[in-house]
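Q: Structure below; questions to follow.
The values are calculated or read from the model by the stated rules, or taken from the named source; none is laboratory data. Predicted model only: the values in this text are computed from it and were never measured. Neighbour counts are summed over all protein chains in view; Cβ atoms, including those assigned to glycine, are modelled from backbone coordinates with ideal geometry. Areas reflect the complete protein model, heavy atoms only, side chains present, ligands, DNA and RNA absent. Shrake-Rupley method; radii C 1.70, N 1.55, O 1.52, S 1.80 Å.
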Amino acid sequence: MPTMENKKILAVLDDLFFTVKINESAKRAGLPIEFVKSDADAFERAKARPALIIIDLNCGAVDPLKLIETLKASEETKGINVIGYVSHVQGELKQRAQEAGYDMVLARSAFSQNLTQILKRYQ
């Protein structure tokens, strides 16, 4: 039986609009969520093995490509699902993120539109 920690969502972003949107969707899905704004905090909190990590690839406070490489290289965190979202016009960043190890990379609009369904997978 999964512990509550395994049901937690970890989100790495600094955008207030998406922070509110993700927080509301997580509450509706009955999932606890924690927000962090640095590579070090994200990696440290990921060691608790959340069900999902959501990363804004445009978050200025972190290096999203370096962070995914760190997460996927560590035995403690490599099995955690990681979803990134990015502006739809940043196709090159989306491609680089997928190659670096993100399990899914979505355009901001698709992420926003499908957030409730995405989170329901981790209940």
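Q: Measure off 7 Å from each Cα along the Cα-to-Cβ vector at residue 34 and residue 66, then give the distance between these two points in nanometres to one decimal.
A: 2.2 nm
Q: Same structure again: Check cross-link reach from residue 7 to the lysines: straight Cα distance under 20 Å, and skip same-chain residues fewer than eight apart.
A: Hits, sequence-local ones excluded: 21, 27, 47, 72, 78, 120.
Q: May I ask you to rank 108, 28 by accessible area, largest first, using a 1.4 Å probe over the protein chains only? Before the final figure, lay out the partial values.
A: On the way: 108 55, 28 160 Å².
Result of the area sort, largest leading: 28, 108.
Q: Loop by DSSP (not H, G, I, E, B), at most 16 other beta-carbon atoms within 10 Å: where is the longest site-free stretch of the chain for GluC sites (Glu not before Pro)?
A: 1-74
Q: Tell me the carbon and sulfur percent of the accessible area for the chain, rounded to whole percent, probe radius 1.4 Å.
A: About 50 percent, which is the carbon plus sulfur part of the accessible surface.
Q: Suppose every Lys and Arg Cβ carries +1 and every Asp and Glu Cβ carries -1, with no other charges. What dipole size does the chain come out with about its Cα centre, to the nearest 20 debye?
A: 500 debye
Q: Over the chain, with the other protein chains present, what is the accessible area per residue in square angstrom, probe 1.4 angstrom? Spell out each step's value before the answer.
A: Working: 6350 Å² over 123 residues.
For the chain, the solvent-accessible area averages 52 Å² per residue.
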